[in-house]
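Inspection log for the structure reproduced underneath, given as structure tokens.
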Amino acid sequence: MPPSNFARHCCELLAAAGPCEIRSMFGAWGISTGGFNIAIVADLGSGEKLWLKADGALRSYYEVAGCERFTYTARGVERSVNYYSAPAEAMEAPQMMAPWARQALECALKARPTKEGRSRPSAAQARPARAANSRPAALAPSTSARRKSSTG
């Protein structure tokens, strides 16, 4: 089944985080950029809604903006995950969504565990260029700084 029109619209809104891909995910749509999941489009009973990746440090920002946390019931137990509904005003234009989209990507970058031998895009590949007045990106470790194995 192709993505809904709403899911495609959300992908356009999130373009500030990088080129988006939409994939079917547990009866909903996952939106990722550079291999990092930054959002979910799901209907939890009140119509399709965009849910942005977040973390505990951002909880208060989402709450002040009137956003709700993604919660669901599984086997009779209410559960929640670190996704929050997008602020209503941010849904109006990509420029208004841009800071929320970039923050969702930052949370996805922090949350994704690294495993030895696993190929994953570097932060620079997954993240679009930043404006000169914004916070600088963390520097990637140099090749020479990587730990060498005893066999070579």
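Each value in this text was obtained by applying a stated rule to the coordinates, not by laboratory testing. Just so you know, these numbers come straight off a predicted model, no measurement behind them. Glycine also receives a Cβ, built like all others from the backbone with ideal geometry; neighbour counts cover every protein chain displayed.
Taking the Kirkwood radius as Rh and the Cα radius of gyration as Rg, the range 5-112 has a ratio of Rg/Rh equal to 0.93. Residues whose amide H lies under 5 Å from that of I38, counting only those 5 or more places away or on a different chain, are I31, S32, T33; hydrogens are built 1.01 Å from N in the peptide plane. Our coupling estimate for the range 30-47, obtained by passing each phi through the Karplus curve with A = 6.51, B = -1.76, C = 1.60 and θ = phi - 60°, is x, 10, 10, 9, x, x, 10, 6, 10, 7, 10, 10, 9, 10, 9, x, 10, x Hz, Gly and Pro reported as x.
3J(HN,Hα) along the range 74-90: 10, 6, x, 10, 6, 10, 9, 10, 7, 10, 10, 4, 6, x, 3, 5, 6 Hz, from the Karplus curve 6.51 cos²θ - 1.76 cosθ + 1.60 with θ = phi - 60°, whole Hz, x for Gly and Pro.
For the range 5-112, a crude dipole built from +1 on the beta carbon of Lys and Arg and -1 on the beta carbon of Asp and Glu, taken about the Cα centre, is about 400 debye to the nearest 20. Scanning residues 5 or more positions from M25 or on other chains, those with amide H under 5 Å from its amide H are G30, with H placed 1.01 Å from N in the peptide plane.
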